[in-house]
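Remarks on the structure that follows.
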Amino acid sequence: MSEEENAHRPNLSRRRRANTPAGTKKRRDVWVTAEEEAALVARAEREKVTVPNLLVSAALAERTDSPTERRAIGAELMQLHNLLARSSNNINQLARQANATSEFPVEAREALKHLRSVAMRIDRAIEGLM
């Protein structure tokens, strides 16, 4: 490869942030417990970045959720999980009845409509996470 092609090609194995032309202007010291340090180091290694880079990118990320928002998202997902489990149980009961009697139950149409609405609700919840 030529020198010019190397200049425009990003280094995918780079752990540090790229140098800025003006250099670093500010320094921040962060005190953490031993447990927090271990968690930061482990996550930085998983993401193949340095701990300072991990902290800066997390702090400056466009989408950040507060602990309260994360708990609300978790609660909504648990409600959806339980609703899907109950709906699946109803569909299984209707399928057993249809197999035993060779007739499609009238309630099945309503149950499938409900299951579709649950699936759409799950899709909306997932889209809200992204």
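Just so you know, all these numbers are worked out from the coordinates, no wet-lab data involved. For clarity, every value in this text was computed on a predicted model and none was experimentally measured.
The slack in the chain from THR20 to ALA61, taken as 0.36 nm per residue of separation less the alpha-carbon distance, amounts to 12.9 nm. Using θ = phi - 60° in the Karplus curve 6.51 cos²θ - 1.76 cosθ + 1.60, the 3J(HN,Hα) couplings for the range 35-50 round to 5, 5, 4, 4, 5, 5, 5, 4, 5, 4, 5, 4, 8, 6, 9, 7 Hz; x is entered for Gly and Pro.
Listed values for the range 104-120 are Karplus-derived 3J(HN,Hα) couplings in whole Hz (6.51 cos²θ - 1.76 cosθ + 1.60, θ = phi - 60°), namely 7, x, 4, 5, 4, 4, 5, 5, 5, 4, 5, 5, 5, 5, 5, 4, 5, and x replaces Gly and Pro.
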